[in-house]
Amino acid sequence: MNTRHLLAFVIVALTACTTAETTNTNALTSDYAAGEYLGCWSDDAARALPFFAAEDATMEPLVCRNLCTAAGYPYAGVQYSTQCFCGDSIGREQRPEEECQTPCYGNPYLACGGPWRNSIYYAPVAPPPVVRLYREPNWQGDYLELRTNTAFVGWDWNDQISSVYFPQPGLAITLHEHANYEGGRIYIAGSIPDLSIFSAIGTNWSDRASSVEVHRR
């Protein structure tokens, strides 16, 4: 190899190295603060993560993660710079990381998926708090467990609730006399062993409720 060919070989090698270093340096990264990063995943019109949480100019993985956690979903997917989707499972297929290199609007150094691509994070979600409505006073007998509003408790439980128990903090309820949250009502923010105690202030609520609103506190 003559001097001219040797010089050309060195220049090509240095250029290749420089290009590789530049590519690696410019690659967008995941956000460890948003949970366990599971990679780049495909999406379509049916949505791999069915709950649409937000489309926001401040979007980044941690913002999306917090929205999904608040909604009770363990999987959070950021897509196309500004969108956040949540779900109970991933669905679809994993794709190369190069397909999830759209910068986040909220932080251009982080990757926020791509067109029909989700950068997906996982963080376990604590089970939502519940309230237990017992058929008998003093939390005896069988019970109905609720996490969300119930417009009608069902014929088996209609006018059959005698005591209320909150296994975890964080909830309150409003009992309604009729279905669809109509009629008289009473707000309860703590466990009550016998709903008949409210007769002292006007209404005996034992065996009286037909619908229940569940409130987070």
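The values are calculated or read from the model by the stated rules, or taken from the named source; none is laboratory data. Nothing here was measured: the structure is a model prediction, and the numbers come from that model. When we count neighbours, we look across all protein chains shown, and the Cβ atoms used for this are built from the backbone with ideal geometry, even at glycine.
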Counting only residues in the stretch 48-67 that are within 21 Å of Tyr105 (Cβ to Cβ) and without any contact (Cβ under 8 Å) to a residue 40 or more places away in the chain, the one surrounded by the most Cβ atoms within 10 Å (Cβ to Cβ) is identified as Ala53
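Go through the stretch 86-135 and give me each residue that's hydrophobic (A, V, I, L, M, F, W, C), out of contact with any helix residue (DSSP H, G or I) (no Cβ under 8 Å at 6 or more places or on another chain) and closer than 30 Å to Gln168 by Cβ.
Residues satisfying the conditions are Ile90, Ile120, Ala126, Val130, Val131, Leu133.
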Residue list for the stretch 156-169, restricted to those being touching a residue at least 12 places away in the same chain (Cβ under 8 Å) and either out of contact with any strand residue (DSSP E or B) (no Cβ under 6 Å at 6 or more places or on another chain) or not assigned by TED's automatic domain parsing to the domain that holds Ala189 (or both):
Asn158, Asp159, Pro167, Gln168, Pro169
Criterion (more than 30 Å from Ser196 (Cβ to Cβ) and of a type in the set (S, T, N, Q)) met by exactly one of Asn107, Asn149:
Asn107
From the set of residues in the stretch 51-73 that are in a loop (DSSP other than H, G, I, E, B) and at pLDDT 95 or above, which is nearest to Ser119 (Cα to Cα)?
Glu60
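Could you please find all residues in the stretch 109-132 being in contact (Cβ under 8 Å) with a residue 24 or more places away in the chain and assigned to a loop (DSSP other than H, G, I, E, B)?
Pass one, the stretch 109-132, residues in contact (Cβ under 8 Å) with a residue 24 or more places away in the chain: 109-125, 128-132.
Once the filter is applied, which keeps residues that are in contact (Cβ under 8 Å) with a residue 24 or more places away in the chain and assigned to a loop (DSSP other than H, G, I, E, B), the stretch 109-132 yields Tyr109, Cys112, Gly113, Pro115, Trp116, Ala123, Pro124, Val125, Pro128, Pro129, Val130.
Can you tell which of Asn118, Asn107 is at pLDDT 95 or above, of a type outside the set (Phe, Trp, Tyr) and in contact with a strand residue (DSSP E or B) (Cβ under 6 Å, 6 or more places away or on another chain)?
Exactly one of Asn118, Asn107 is at pLDDT 95 or above, of a type outside the set (Phe, Trp, Tyr) and in contact with a strand residue (DSSP E or B) (Cβ under 6 Å, 6 or more places away or on another chain), namely Asn118.
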